[in-house]
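Since the structure comes first, as structure tokens, the remarks are kept for the end.
The values are calculated or read from the model by the stated rules, or taken from the named source; none is laboratory data. Note that the structure is predicted; figures quoted are calculated from it, not measured. Neighbour counts are summed over all protein chains in view; Cβ atoms, including those assigned to glycine, are modelled from backbone coordinates with ideal geometry.
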Amino acid sequence: MTTANRAERAAQTRVRILDAARRVLAEGGLERFTTRRVAELAGVSHGMVHYHFTDKRELALALVVHARRDWVEPLEELVDGPGSADKRLRDVIAWIAEPATLETMRVHQSLFVLALHDEAVRDRLAAEFARWRAPFVTLFGDLASERGLESFDAKSVGEAFAVAADALVQQQALDPSVPTARVLTGTFEQLVGSGQPPSRKRR
């Protein structure tokens with residue numbers, strides 16, 4: 001087996017372990033989150049899990065990054081996509097309003113609880129939340145430029161909007177009737193205007 005093949009196989013095993021760890025959190029929560037349980041689900045030896053991840057903390061740190069695919073990376077793709085800032089923000093809102101799966105919410109909540117008890121995980125997760133807020137700052141900066149809004153504090157508004165969006169996602173997981181799209185759309189239009197030209201009064 002060549003070095004490239006070995007590296008590819010190792011990478012595939014690492015992904016299998018992370019996918020299994022995610023399943024453990026989604027199905028059993030933190031109480032069942034052990035490296036032995038992860039090894040069993042991944043179909044690898046316990047020693048193989050520890051070959052790739054020194055301990056449960058290192059596995060949790062990797063899971064925080066692995067979870068980017070659920071929220072941070074799709075957001076960044078939408079913000080970096082084509083179209084005006086107005087269109088991109090409306091696309092982001094439509095995506096946020098799509099209900100997250102229970103699996104996703106259980107994984108994220110488990111990582112959040114774990115972070116409250118582990119400084120290293122807390123620092124890693126805090127960095128991910130900072131990365132989540134950054135695209136909203138970019139979007140509101142672009143909106144301000146497009147609409148000629150001088151002295152508009154895109155950083156404060158963007159970060160506040162990001163926090164509100166995250167909170168609505170969590171509430172929507174409990175109550176699907178939460179009007180996430182309407183609330184976020186109304187909020188951003190109140191902040192920067194609807195983007196529609198003002199109607200002329202009839203004489």
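Select from the range 78-123 the residues that are without any contact (Cβ under 8 Å) to a residue 40 or more places away in the chain, closer than 27 Å to ARG182 by Cα and of a type in the set (Lys, Arg) and list them in ascending order.
LYS87
Please indicate, with yes or no, whether at least one residue in the range 96-119 is within 16 Å of the chain's Cα centre (by Cα), part of a helix (DSSP H, G or I) and among the hydroxyl-bearing types (Ser, Thr, Tyr).
So far as the range 96-119 goes, yes, one or more of its residues are within 16 Å of the chain's Cα centre (by Cα), part of a helix (DSSP H, G or I) and among the hydroxyl-bearing types (Ser, Thr, Tyr).
Please identify the pairs in which a residue from the range 36-50 that is touching a residue at least 40 places away in the same chain (Cβ under 8 Å) has its Cβ atom under 7 Å from the Cβ atom of a residue that is assigned to a loop (DSSP other than H, G, I, E, B), counting only partners at least 6 apart or on another chain.
none
For the range 122-170, which positions are over 22 Å from GLU76 (Cβ atoms) and either part of a helix (DSSP H, G or I) or touching an Asp or Glu at 6+ places or on another chain (Cβ under 6 Å) (or both)?
Correct list: ARG122, ARG147.
Please work out which residue is surrounded by the fewest Cβ atoms within 10 Å (Cβ to Cβ), limiting yourself to the range 70-95 and to residues that are touching a Phe, Trp or Tyr at 6+ places or on another chain (Cβ under 7 Å) and part of a helix (DSSP H, G or I).
Only one residue tops the list, namely PRO74.
From the list ARG9, ARG32, which residue is farther than 18 Å from GLU103 by Cβ, modelled with pLDDT under 95 and surrounded by fewer than 18 Cβ atoms within 10 Å (Cβ to Cβ)?
ARG9
Buried (at least 17 other Cβ atoms within 10 Å of the Cβ), modelled with pLDDT under 95 and in a helix (DSSP H, G or I), is that true of ALA67?
Here the answer is yes, as ALA67 does meet what is asked.
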